[in-house]
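Structure first, then comments.
Bear in mind that the values in this text are calculations on the coordinates, not laboratory data. Treat the numbers as computed from the prediction; the structure is a model and nothing was measured. Ideal geometry is used to build each Cβ from the backbone, glycine not excepted, and the neighbour counts take in all protein chains shown.
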Amino acid sequence: MFKVFISTCLLSLAAINSIAHASEDFTQYKTQSEAKGKKDRNALLEDAQNLLADPTLTHTQRTYVLHRSALHLVRTNQFQKAARRLDEFAAHLAQFPDTNFLGKYHWVAGDLAILLGNNTDAQRHFEQAISQFEQSGDLRMKSHAHRMLANVLSQKQDYFPALAHVFQAKDTANKINNAHLFSAALSTEARVYRDFHQLDKSLDVLNQQLEFQLGEPDISLAHISSTYYSLARIYEKLSDHHAAIEALNKSYDIDKKLDDKNYMGLTQLHIAKLYIELEDLTAARTAIDQASSLFSLVNNEKNQARAQAVQGQIALADGDYVKAIQLITLGLDKLNAQDNEKLYQAFQVKLGMALAYEQPSEAIELLSTLLDTVNEEDNLTVLQSLAVAHKSLNDFEQALYYQERAFATKEHINQQAITTRLEAKKLNSEIGLKRLEVNELQAGLAQQQQDTKTRTVVLAAAIIVLINFILLFYLYHLKRRRVMEKEAELLNQSLSLKQQLLADVSHELRTPLTVLKLNIEALEYNLTEDPKTTYKVLQRRLDMLNTLIADIYELAQADTNNLRLEFELCQAKALFDDLTIAIAPIIDSSDLEVIYINQLPEKLQVECDISRLNQVFNNLARNSVHYTDQPGQVKITVSQQQQTVVCTFEDSAPGVSSDALEKLFERLYRCDKSRSRDLGGSGLGLSICEKIIELHKGHIAAMHSELGGVVIQFTLPIKP
């Protein structure tokens, strides 16, 4: 029997070790995921895959891993895998709902939709995210969602709603005093102004952002670098390429301090493109060679492909079409059209330009698939390249056709630019008027609120004073009456309990004393045939009396708060193992199967009186053994539930009725009194257990057992 007990313990230990190992892996993953600065996202994705394959991962931990891994897949441009992971995430949330993580699901899905060019889906997801974060009270993520929605609306040319969401993002960031969020909202505001060609306003906002960042010690250098990069984009829009290069060099210097080689490479790649526009091909080659070297150091194949394509653009600008074709083709081979379709098409356009001079037939085949599928500026390049290709093939009619279309497209772009500038000025005027209207409304509303507030305060004060006086008067009399009723009730209850206790104790003492008296008389008058047996009966009855008197004394001490416990800090798992081993002589029976399961972590601690807990274990063990038909089963389980240790003693048939179950902790109560006396019970064991557990600030209760008997369950608080 004891071998079964030991085997069960070992199996329990193995299961607990497995759970603990999974928990440790998750904690490490979470720490690395939330660490500030650069992250090895590919390594984190491998860790996430291993965690998701672990069946011991809790549903809460799985929610976290699904969210973080989906985000990392988006950040590493693995868009198809990200979409599949988001589907898993959505299915998991449907089974285990979580308002805040549902908001995060929509946030990541919206981010992915932006990268895939699906602004309608992105808008829907970010609107859902804002709603979920509003419900969960996560203001940080709510500000993020407003900012991202503003980006989407700006791309859809809904500039007024975009600015409204920017202002909400800034306001939310201010509410929680988050400098990073406020800075990010300023960046988005600048982008919105840039999108509807309010470049002067965009510059003002970016300079305001830069001033704010330089004055905030908590803002990271990476954010300041990003602001310089955004300034460069505005200068580029204004065709001030030298100013753009200067801003990019400042961004590069900061990235160099951070040793962020990937961003350093991207900055040099952008500088190279600007030098191509300035027709300074020597400087462009220097910049792109540096970018290519940096991308090689970090082993970023996609950015290496971009660098090769830009090297091809330099060769194209230099008239070396063969080299341009070779380099751009190498870059395209390393890119995945599905990951970034716009970038892929842009490089295809450049390849078509080079092919038009060297391989016109291949150029026509490639460019025909791109015609009218790319943006207007690239479409102009496609038309011009088709004209060159047809001219190289002496197909002057088609060459003239594409040249005329190119001229018409260029005229349309110029006209659209003029219209956009006019609309931008109109929008600027409308924004000014709306701001004036808002200011006037706010001023009027503030005055109205102040007047209403004053009147309300005066009236409320008068009403509160009157109500308080009435309530105090009423409560005084009500409290006095209730105190008197309570005192009378407690007095009557105490008298009843005292009478009941005296009656129960006298009843309990009468039976063993009667037996003692009869046996003593039998010895006195030589009426017994076996005096030794009679002496043993007398000894057993005296032991029962001693047990009863000792139990009554302990309960009396507990009732008068004189039962003192010697608390000490213990390792919970080892403590319960020792307590179970101590009761082995009681529960070790050939006809009784004992199962012991200890699921507590190794480092968990409780503060307790070990001797008193040993007393509880002894009482519960004796009850389980004495009141279980043999052959039978006794199951002892110890586990952690939130901030408590839960221990259960569960036995097989016979059970007790529901009425009897509620009375098991009453003093001197027995379901079968004659049987209890035969077994030496005082009827006070469970009452003493209840008192000891209460002094440990725990709880004890009795329930029906699935094994057919009774479950006694008690809890102990965990030491923080």
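Give me the extension gain from Ile464 to Ile520: residue separation times 0.36 nm, minus the current Cα-Cα distance, reported in nm with one decimal.
Going from the current span to full extension adds 12.2 nm.
Taking the alpha-carbon distance from Lys302 and a cut-off under 19 Å, which aspartates and glutamates remain once sequence neighbours fewer than 8 residues away in the same chain are dropped?
Asp40, Asp260, Asp289, Asp333, Asp339, Glu341
I'd like the antiparallel share, as a percent to the nearest 5, of DSSP beta bridges with both residues in the stretch 568-717.
In the stretch 568-717, approximately 80 percent of DSSP beta bridges are antiparallel ones.
Are there GluC sites (Glu not before Pro) in the stretch 264-332 that DSSP puts in a loop and that have at most 10 other Cβ atoms within 10 Å, and which ones?
When the GluC sites (Glu not before Pro) of the stretch 264-332 are filtered for loop state and at most 10 Cβ neighbours within 10 Å, Glu279 remain.
Tell me which residues come under 5 Å, amide H to amide H, from Gln633 once H is placed; ignore anything under 5 positions away on its chain.
Glu593, Ser652
Identify all lysines with a Cα-Cα distance to Lys697 below 16 Å; exclude those on the same chain that are fewer than 8 residues away in sequence.
Counting by Cα, and skipping residues close in sequence, Lys697 has these lysines nearby: Lys719.
In whole Hz, with x marking every Gly and Pro, tabulate ³J(HN,Hα) for the stretch 169-181 from phi via Karplus 6.51 cos²θ - 1.76 cosθ + 1.60, θ = phi - 60°.
For the stretch 169-181, the Karplus-derived couplings read 4, 5, 5, 5, 5, 5, 4, 9, 6, 9, 5, 4, 5 Hz, x marking Gly and Pro.
Please list, ordered by chain and number, the residues whose modelled amide H lies under 5 Å from the amide H of Ile597; skip anything fewer than 5 residues away on the same chain.
Close amide H contacts, sequence-distant or interchain: Ile636, Thr637, Val638.
For Asp121 and Asn394, what is the calculated FRET efficiency with R₀ set at 56 Å and r taken between the beta-carbons, to the nearest 0.05?
0.70
Mind checking the stretch 561-603 for trypsin sites (Lys or Arg not before Pro) that DSSP puts in a loop (not H, G, I, E or B) and that have at most 13 other Cβ atoms within 10 Å?
Sparse-neighbourhood loop trypsin sites (Lys or Arg not before Pro): Arg564, Lys603.
As a quick test, which of the pairs Lys142/Lys334; Lys156/Lys201; Lys30/Lys261; Lys573/Lys691; Lys104/Lys170; Lys603/Lys663 have an alpha carbon distance above 31 angstrom in this structure?
Lys142/Lys334; Lys603/Lys663
Can you tell me how much longer the chain between Gln415 and Ala488 gets when fully stretched, taken as 0.36 nm per residue apart minus their C-alpha distance, in nm with one decimal?
Residue separation times 0.36 nm, minus the Cα-Cα distance, leaves 16.7 nm.
Can you compute 3J(HN,Hα) from phi for each residue in the stretch 319-332, using the Karplus curve 6.51 cos²θ - 1.76 cosθ + 1.60 with θ = phi - 60°, rounded to whole Hz and x for Gly and Pro?
x, 8, 5, 5, 5, 4, 4, 4, 5, 5, 5, 4, x, 5
How do Arg85, Arg455 rank when sorted from fewest to most other Cβ atoms within 10 Å of their own Cβ?
Exposure proxy ranking, most exposed first: Arg455, Arg85.
Quick query: amide H of Lys719 versus all other amide H atoms, modeled in the peptide plane; which residues come in under 5 Å with a sequence gap of 5 or more or a different chain?
When sequence neighbours closer than 5 places are left aside, the close amide H contacts are Gln605, Val606, Glu607.
Just to confirm my numbers, what's the Cα centroid distance between the stretch 52-79 and the stretch 87-150 in Å?
The stretch 52-79 and the stretch 87-150 have Cα centres spaced 16 Å from each other.
Work the Kirkwood hydrodynamic radius out for the stretch 568-717: mean of 1/r over every pair of different alpha-carbon atoms, inverted, in Å.
It is 15.6 Å.
Take Asp629, Asp609, Asp218 and order them by how many other Cβ atoms sit within 10 Å, fewest up front.
In increasing order of surrounding Cβ atoms, one gets Asp218, Asp629, Asp609.
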